[in-house]
Amino acid sequence: MNISILGSTGSIGTQALEVVDDLKGIKDITILAITGNSNAELLEAQARRYKPQLAVVADETKYNDLKCRLADTDITVSTGEEGLCEAATLDKCDMVLSSIVGFAGLVPTMKAIEAGKDIALANKETLVTAGGLFCDAVKRHKVRLLPVDSEHSAIFQSLHSGNRGELKKILLTASGGPFYGKTQDELKNIKKEQALKHPNWSMGAKITIDSATLMNKGLEIIEAKWLFDVDFDDIEVLVHRESIIHSMVEFCDKSVIAQLSLPSMKHPIQYAFTYPQRLPSSDSSVSFADIASLTFGKPDEETFRCLALAKQAGRMGGVMPTVLNAANEVAVAAFLSGKIGFLQIAEYVENILSKYENRLNFSLEDIIEVDRSVRLEHKL
Ligand code: NAD
Ligand code: MG
């Protein structure tokens with residue numbers, strides 16, 4: 001199988017390359033293209049090791065650097081959104097791992113679908129912002145869409161136990177993040193370093209902050225709605241601190257089926273690469289006796305406002321999830337650069353949502369325009 005990895009320098013991208021190494025000799029995967037935003041040094045190291053046809057550095061100011069680094073190889077070097085789209089549509093490519101963070105992943109992922117490539121989807125922001133257009137394109141181009149987000153992979157796996165008509169609801173689990181149980185007052189002076197310390201997962205900065213605000217769970221509700229074609233009322237968020245159960249589904253006979261494993265993104269990445277097969281994994285087994293207990297609770301949407309805001313935008317539909325996502329990307333970047341406090345992330349998102357009038361009919365170009373206008377007109 002030939003794979004292009006969009007976002008190979010990130011947390012998901014680097015773990016995907018480890019999965020490719022782990023599978024060597026059992027299932028051989030060729031890496032056709034790798035892409036990163038600006039880390040030319042890591043792209044060079046990956047290019048020398050995996051020998052792709054194409055290496056793309058999205059940041060145009062880094063193009064010459066990467067080009068020089070790979071001058072002695074026959075690897076093509078490209079840049080910009082055009083380069084990302086080239087990586088997503090290479091002739092020999094069977095599957096694209098969409099693991100760029102944020103809205104920047106949308107256009108290349110749509111191009112991959114239009115070129116008939118199967119999609120292993122980590123980038124939830126694509127489904128949040130363009131779920132309807134995305135799912136129509138998946139159907140029209142008859143490509144396979146395999147979830148990589150751990151909860152959605154768990155739901156996908158659990159759904160194999162029944163048929164769609166038998167599904168009653170989805171139980172979407174949430175670790176609760178580093179600040180579970182805290183009050184608004186205790187969250188006022190949270191520092192970036194505290195928010196970046198997730199109890200169970202090591203991930204990129206943006207999703208780690210989203211996990212701390214619970215925006216991540218809100219985005220995942222919208223992601224699940226599109227992936228599994230369910231109503232918002234049929235998705236329940238359940239706090240499960242141990243991150244062993246990655247999500248569950250309840251069928252009409254009240255039987256609940258779950259997928260369990262240690263918290264490792266290599267599991268859902270590998271399953272997306274090998275589906276419908278299961279192949280041996282380098283991950284450890286769950287030791288239930290050592291874990292001893294699994295706990296469950298309700299999320300606190302009054303303290304963690306981002307979850308409620310995402311639900312609200314999701315239910316409104318139209319371009320509101322795009323507005324929510326853009327506002328969140330702006331606010332998280334501002335928090336990470338020390339410009340705003342932790343609680344201001346939700347305040348900012350709420351404020352921007354209230355400023356936009358919804359539109360129910362829109363094209364991909366309209367969505368790109370909405371995203372751009374939030375970023376330009378509401379800078380922090
Ligand atoms: P990351 O920040 O570690 O990596 C992001 C990748 O995208 C990097 O390769 C980076 O260079 C690239 N990138 C960033 N901005 C770009 C731009 N403007 N243009 C082109 N490339 C750009 O992020 P991550 O944690 O790997 O997350 C990637 C995606 O997967 C996100 O959508 C996230 O929500 C989702 N996801 C991640 C995890 C996880 O465990 N890390 C779990 C579930 C879902
Ligand atoms: Mg997840």
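The values are calculated or read from the model by the stated rules, or taken from the named source; none is laboratory data. Quick caveat, the model's predicted, so the values are computed rather than measured. Neighbour counts are summed over all protein chains in view; Cβ atoms, including those assigned to glycine, are modelled from backbone coordinates with ideal geometry. Please note that ligands, DNA and RNA were not included when accessible areas were found on the heavy atoms of the full protein model with its side chains. Shrake-Rupley method; radii C 1.70, N 1.55, O 1.52, S 1.80 Å.
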request  = Could you tell me the accessible area of residue 9 in Å² (1.4 Å probe, neighbours in place), rounded to the nearest ten?
outcome  = 40
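To the nearest 0.05, how large is the calculated FRET efficiency for residue 377 and residue 135 if R₀ is 30 Å and r is the Cβ-Cβ distance?
Working: r = 29 Å, r/R0 = 0.97.
Computed FRET efficiency for residue 377 and residue 135: 0.55.
Note the full-extension length gain between residue 200 and residue 260 as 0.36 nm times their separation in residues minus their Cα-Cα distance, in nm to one decimal.
Numbers: separation 60, 0.36 × 60 = 21.60 nm, distance 1.43 nm.
Here the segment from residue 200 to residue 260 would lengthen by 20.2 nm.
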request  = Would you please state which residues of region 27-49 a label at residue 91 would reach in this model, taking the label point 7 Å out along Cα→Cβ and a backbone N cut-off of under 20 Å?
outcome  = 30-34
For peptides 219-227, 117-125, sequence by mean Cβ density within 10 Å, most packed first = 117-125, 219-227
query = Just how much of residue 1 is accessible, in Å², when a 1.4 Å probe is used and the result is rounded to the nearest 10?
reply = 60
request  = Would you mind pulling out the separation of the Cα centroids of region 255-278 and region 198-248, in Å?
outcome  = 16
remark   = Taking 0.36 nm per residue of separation between residue 160 and residue 351 and subtracting their Cα-Cα distance, the length gained on full extension comes to 64.7 nm
key: Protein-only accessible surface order, largest first, of 260, 159, 172 at 1.4 Å   = 260, 159, 172
ask   = Extension gain residue 68-residue 339, at 0.36 nm per residue separation less the Cα-Cα distance, in nm?
value = 94.0 nm
ask   = For region 2-148, with only Lys/Arg (+1) and Asp/Glu (-1) charged at the beta-carbon, what is the dipole magnitude about the Cα centre, in debye rounded to 20?
value = 440
Residue 233 versus residue 253: modelled label distance in nm, points set 7 Å from Cα along the beta carbon direction = 2.5
note = Expected field for residue 171, accessible surface area in Å² at 1.4 Å probe radius, rounded to 10, holds 20
note = Largest-first ranking of 350, 193 by accessible area, probe 1.4 Å, whole protein assembly kept, is 193, 350
FRET E, pair residue 315, residue 292, Förster distance 51 Å, beta-carbon r, rounded to 0.05 = 0.85
message = Going 7 Å from the Cα of residue 358 along its beta-carbon direction, which residues of region 306-328 have the amide nitrogen within less than 15 Å of the resulting point?
response = 309-325
